[in-house]
Structure formats: C-alpha cells, structure tokens
Amino acid sequence: MQNAIEGEALEQAARRLEQAVSRLEQRLASRVSEAGAAAGGAFDQDRAMLASELDAARAREKDLMAAGADASAALGRAIEEIRAALGPET
C-alpha cells in the first residue's frame, strides 16, 4: 500500500512536471515568435531600403550611360568639324 501511495504521488509529480514543461515550451515558442517578428520587421525594412537604393543607383547608372553616349557623339562631331576645318589630308 505504501508503494501504491508513493507510485501515485510520483505519477502526479510527473504529470505536474509535464504540464510545467509544456507551458514553458509554449512560452518559449511565443517569445521566439515575437523576437522573430521583431527581427523580421527590421529585416524587411532594411531590405526595402536597400531595394530602393538599388533602384536609384540603377536609374543613375542609366542616366550616366546616356550622358556618356551623348558626350561621345558630341566629341565625334567635334573631331569631324576639326578635320573639315583643317582641310584634306596631303
């Protein structure tokens, strides 16, 4: 009978321990989820900012390429004008 009482007490203690561990796991999962959401929000903000900066850099690159092409064409015309002013080659 003593063993039966001790067995029941042990089973009750084991159930309480399992319940406590389960609550702890739930709280931990909740905290991890909250931390992930907070970090994810910061990550999303950083990603959006970097994407915006990349788009601006690409637009600037396109503008610089167009300006370079215009400068090259103007230089070509200037060379032709100088050659024409110097006369035919001898």
Problem set entry | Of all residues making up segment 1-58, the number that are at pLDDT below 90 and among the β-branched types (Val, Ile, Thr) | 2
For this session: Answer with yes or no whether Glu89 is at pLDDT below 90, acidic (Asp, Glu) and exposed (fewer than 10 other Cβ atoms within 10 Å of the Cβ).
Result: yes
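The values are calculated or read from the model by the stated rules, or taken from the named source; none is laboratory data. Bear in mind the structure is a predicted one, so any value in this text is a computation, not a measurement. Don't worry about glycine lacking a Cβ; one is built from the backbone with ideal geometry, like all the others, and counts go over all protein chains shown.
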